[in-house]
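The values are calculated or read from the model by the stated rules, or taken from the named source; none is laboratory data. Keep in mind it's a predicted model, so treat the numbers as computed, not measured. Every residue, glycine as well, gets a Cβ built from its backbone with ideal geometry; the counts of neighbours run over all protein chains shown. For the accessible areas, the whole protein counts, side chains as well, though only heavy atoms, and no ligand, DNA or RNA atoms are used. Shrake-Rupley method; radii C 1.70, N 1.55, O 1.52, S 1.80 Å.
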Amino acid sequence: MGAARDPTTGLTVQEDAFAHAVASGLNYSDAYRQSYNVAPDTLPSTVYENASHLATKLSPSIQALKQSSE
């Protein structure tokens with residue numbers, strides 16, 4: 001069973017938090033660390049790779065959030 005998704009956005013709680021954090025100005029890695037349970041010993045390259053893939057997947061949501069805050 002996967003993570004619960006918001007019926008209106010289709011995003012999980014973590015994906016939504018990540019999208020909002022990026023839209024508010026955090027870089028991908030910091031937004032990922034803030035939104036997900038990242039172990040302190042996780043390699044920065046792993047965080048960056050995961051965050052980059054997530055940002056690509058959520059690009060439409062991030063752009064919509066940025067536009068709505070203008």
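Overview of values
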{"item": "Subset of the stretch 5-15 (residues that are closer than 16 Å to ARG33 by Cβ and either open to solvent by less than 90 Å² (accessible area, probe 1.4 Å) or outside any helix (DSSP H, G or I) (or both))", "result": "GLN14, GLU15"}
{"item": "Residue that is nearest to the chain's Cα centre (by Cα) [pool: residues in the stretch 8-48 that are under 22 Å from SER68 (Cα atoms) and of a type in the set (Phe, Trp, Tyr)]", "result": "PHE18"}
{"item": "Within the stretch 35-55, tally of residues that are of a type outside the set (Ser, Thr, Tyr), in contact with a Phe, Trp or Tyr (Cβ under 8 Å, 6 or more places away or on another chain) and assigned to a helix (DSSP H, G or I)", "result": "5"}
{"item": "Residues located in the stretch 19-68, provided they are surrounded by fewer than 16 Cβ atoms within 10 Å (Cβ to Cβ) and either under 19 Å from THR8 (Cα atoms) or among the β-branched types (Val, Ile, Thr) (or both)", "result": "VAL38, THR42, THR46, THR56, LYS57, SER59, PRO60, GLN63, ALA64, LYS66, GLN67, SER68"}
